[in-house]
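The values are calculated or read from the model by the stated rules, or taken from the named source; none is laboratory data. These figures come from a predicted structure and were not determined experimentally. Please note: Cβ atoms are built from the backbone with ideal geometry, for glycine as well, and neighbour counts cover all protein chains shown.
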Amino acid sequence: MSSPATEAEAAAAAAADLICHLDNVQGIVDALSSVRWKRHQDAVVEVSEHGVVLIVEDSGCLQAKVYLQRELFIRYDYHAQGRPRFGVGLGLFVDCLSTFSVPGHSNTIEMRYPGPDMQLLLKSIDSLDACIYAEIRTRIPETISWDYDFEPAGSSPLSFTVRSAALKEAIDDLEWPGSSVQITLQPAPPSVTFKGEGHGDLQIEFMYYANTDLLIAFHCDHAVSHRYKYKFLRATTSNLPSNVTKDNRGSKLTIGRGGMLKVQHLVSVARSSAAHQHSASGYQQPSRIAYVEFFVKPEVDGDDA
Amino acid sequence: MKFKAFLTDNGVALLEKRFLPALDKIDRTCHLYLTRDHAAFLHNLLNGDGLQSVAQFRIEALFDAYRISSQNDDRIAFAVDLSLLHRAIRSSVGICNELAADAGGSASDRLQIKLVKKLPANSTQPMPFLTFETKGYKSAVIQDVPISKPMSRAQVSELQSALDSAHALPRTLVQVHDLNQLQSFVDRMRHVGDVLNVSISKHGDLHLQIATTLITLGAEFRKLPILGERADAPPEDRGLSAQARSERAVSRGDAEAVQVSVKHFAKSLQCHTARPDCAFYGIAEQGACLTVIFQFFIPGTRQTDKSISLYCRLPVLDPGTN
């Protein structure tokens, strides 16, 4: 039979905080890859009854979170008290997961935490005669050094939604001046400006009424302007999976209190066989989306205009 | 020392589209070894630390009007750059096809290949070349592929004895059909580590594993068809993890395990480009090497095409040095 439930295995299963099954490994790999911006990144994974959250952090100025809600999993058994957290190398985790994703085959895998030695255990469960398995050693997570509590800047939100592809292109173009990028939102005329200053300067403007196909939504009741380090801004789009641009999705940017920038992307985790393109807007069931959020702290001398 | 032959349509199809691209991925240079009955492309047979590969063809599979003579029992061997050879064949075939279309005939008797010595430009020393000559009614196109000096009698006999020694088969071979799946798995796995543990059991299990201090990643393929010695798996092993199962089989003497380089393993899978119908994996006596034998069927049948043989031998890493 397919479930060789020996006593030891049953006991191990009962002891696990989390056993989950997922049927689209590549989607999860894409979602997690979007927060990979350098070679060695330590990630913290938090497991709860709502799903799995992976958090990465850089120099106290940039934090990224990937939310894998429990709806993305075809089975989600959670038995822990509190919210267990563990540390894992992001690169290793993603490379390992991608080994399970065989193009052209449906792959269902089981993820289990913790193993007998606090490992994260992965194994493929869709074939009896071929099995891939992995044990990733986890670490005790470091406490995150800086609090990224995002609060709205005022009573009305300061935010805009832009096509992810256009945002990525704009940020890629700003590489040339380098160093820092000033983002300005102004209500009249409603527009967003990215201005890079360094070796020369470059200004990219999104006018709300001029290109509604690029700038999809815009909320701003007073002008605001903050500067962000280019390398952190770039990290927010540098590894955006191709399905985000293919599905023509939008990314939402919000400026919070103190100029903290929140960038939100939606990454499709639809099963490849079921990934039927419904319409040009790329509408898919919300349950098949992984949410990716970046928080970027402004440069210290950033001033409210 | 003379070598002259016409490359047949079948020979062109085998070399141009299948074997040369595959062999080129293993290593750019190889030895071409020609005898009265066989032509073989050999990688790393004379130095022990690389991935060895042997692609051997019966003369009829590649050539027509084959003439070879040398003072060393009609054997000739030399080193050649596979990508140059591939380019020369590809463009000769292109020209041939054009000429054949004009003349309305087959291209088979028009692509001649021969060994020549020529004086290259800016040189006073004549150099050996493999020449491809494509003849039309009014014109001929000649392409020269530079080759190494033909190997000495001693080197050729060293090559021949290395070839002979590779003929011993492992006691148990397991058959893998889906090379695509294996290749995509190994390509992804190579990001995780450099050393691959391979274990092959008499129960038909192939177990691949990379283990580092941070991660253990493995794949187990079970109930594969077996060639050679086999044994029934004990029923109590059924519920075990892949790792435990392979450890128990090794300790019972029902399986052998070796360590090889992930890079070599991935390279050996490049032979897949030559479109074999399946592959057999086995561990040579006393764990000397991991042997991969690719099998080709006669098109349209399930019978082995005995005119083609392709196999790789992966050197085993000493566990102490890693």
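Here are the numbers for the structure shown:
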{"item": "Meets criteria (more than 20 Å from B:Leu51 (Cβ to Cβ), crowded, with 17+ Cβ neighbours inside 10 Å and assigned by TED's automatic domain parsing to the domain that holds B:Asp277) for B:Phe265", "result": "no"}
{"item": "Qualifying residue in segment B:139-161 (condition: polar (S, T, N, Q) and assigned to a strand (DSSP E or B))", "result": "yes"}
{"item": "Meets criteria (of a type in the set (D, E, K, R) and either surrounded by 21 or more Cβ atoms within 10 Å (Cβ to Cβ) or away from chain B (no Cβ under 14 Å) (or both)) for A:Asp126", "result": "no"}
{"item": "Scope segment A:122-139; condition of a type outside the set (Gly, Ala, Ser) and within 15 Å of B:Glu220 (Cβ to Cβ); matching residues", "result": "A:Leu122, A:Lys123, A:Ile125, A:Asp126, A:Leu128, A:Asp129, A:Cys131, A:Ile132, A:Tyr133, A:Glu135"}
{"item": "Residue check for A:Val52: out of contact with any Ser or Thr (no Cβ under 9 Å at 6 or more places or on another chain), crowded, with 21+ Cβ neighbours inside 10 Å and closer than 18 Å to A:Ala31 by Cα", "result": "yes"}
{"item": "Among the candidates B:Arg190, B:Arg153, B:Arg87, B:Arg110, residue that is buried (at least 19 other Cβ atoms within 10 Å of the Cβ) and of a type outside the set (Ser, Thr, Tyr)", "result": "B:Arg110"}
{"item": "Residue in segment B:43-51 that is in a strand (DSSP E or B) and either buried (at least 19 other Cβ atoms within 10 Å of the Cβ) or not hydrophobic (A, V, I, L, M, F, W, C) (or both) present", "result": "yes"}
{"item": "Residues of segment B:257-295 classified as free of Cβ contacts under 8 Å to residues at least 60 places away in the same chain and touching a helix residue (DSSP H, G or I) at 6+ places or on another chain (Cβ under 8 Å), total", "result": "2"}
{"item": "Single residue of segment B:152-174 satisfying the filter (among the polar types (S, T, N, Q) and within 17 Å of the chain's Cα centre (by Cα)) that is farthest from the other protein chains (Cβ to nearest Cβ)", "result": "B:Gln160"}
{"item": "Meets criteria (more than 17 Å from A:Leu120 (Cβ to Cβ), in contact with a Pro (Cβ under 7 Å, 6 or more places away or on another chain) and assigned by TED's automatic domain parsing to the domain that holds A:Tyr113) for A:Ser59", "result": "no"}
{"item": "Boolean, A:Ala64 is within 16 Å of the chain's Cα centre (by Cα), of a type outside the set (Lys, Arg) and within 27 Å of B:Ser184 (Cα to Cα)", "result": "no"}
{"item": "Meets criteria (in a strand (DSSP E or B), farther than 14 Å from A:Cys131 by Cβ, in the same structural domain as B:Tyr281 (by TED's automatic domain parsing) and not β-branched (Val, Ile, Thr)) for B:Leu208", "result": "no"}
{"item": "A:Leu202 surrounded by 15 or more Cβ atoms within 10 Å (Cβ to Cβ) and under 17 Å from A:Arg234 (Cα atoms)", "result": "yes"}
{"item": "Every residue from segment B:1-14 that is in a helix (DSSP H, G or I) and either surrounded by fewer than 21 Cβ atoms within 10 Å (Cβ to Cβ) or modelled with pLDDT of 95 or more (or both)", "result": "B:Asp9, B:Asn10, B:Val12, B:Ala13"}
{"item": "Members of segment B:222-242 found to be more than 10 Å from chain A (Cβ to nearest Cβ), buried (at least 17 other Cβ atoms within 10 Å of the Cβ) and either part of a loop (DSSP other than H, G, I, E, B) or among the polar types (S, T, N, Q) (or both), listed by number", "result": "B:Ala233"}
{"item": "Yes/no for B:Arg245 being more than 9 Å from every other protein chain (Cβ to nearest Cβ), at negative phi and part of a loop (DSSP other than H, G, I, E, B)", "result": "no"}
{"item": "Flag for A:Ala170 being without any contact (Cβ under 8 Å) to a residue 60 or more places away in the chain, more than 14 Å from chain B (Cβ to nearest Cβ) and crowded, with 20+ Cβ neighbours inside 10 Å", "result": "yes"}
{"item": "Filtered residue count, segment A:74-102, keeping only those that are touching a residue at least 60 places away in the same chain (Cβ under 8 Å), within 11 Å of chain B (Cβ to nearest Cβ) and part of a loop (DSSP other than H, G, I, E, B)", "result": "2"}
{"item": "Yes/no for B:Ser201 being crowded, with 18+ Cβ neighbours inside 10 Å and over 22 Å from B:Val54 (Cβ atoms)", "result": "yes"}
{"item": "In segment B:225-248, the residues that are of a type in the set (Gly, Ala, Ser) and within 30 Å of B:Gln295 (Cβ to Cβ)", "result": "B:Gly228, B:Ala231, B:Ala233, B:Ala242, B:Ser246"}
{"item": "Residue within segment A:112-119 that is farther than 16 Å from B:Thr212 by Cα, assigned by TED's automatic domain parsing to the domain that holds A:Ala43, crowded, with 22+ Cβ neighbours inside 10 Å and of a type outside the set (Lys, Arg) present", "result": "yes"}
{"item": "Of the criteria (1) within 14 Å of chain B (Cβ to nearest Cβ); (2) under 30 Å from A:Phe294 (Cβ atoms); (3) at pLDDT 90 or above, which one A:Tyr133 fails", "result": "(2)"}
{"item": "Failed condition for B:Ser161, given (1) without any contact (Cβ under 8 Å) to a residue 60 or more places away in the chain; (2) not assigned by TED's automatic domain parsing to the domain that holds B:His31", "result": "(2)"}
{"item": "Subset tally (residues that are surrounded by fewer than 19 Cβ atoms within 10 Å (Cβ to Cβ) and part of a strand (DSSP E or B)) for segment A:20-49", "result": "4"}
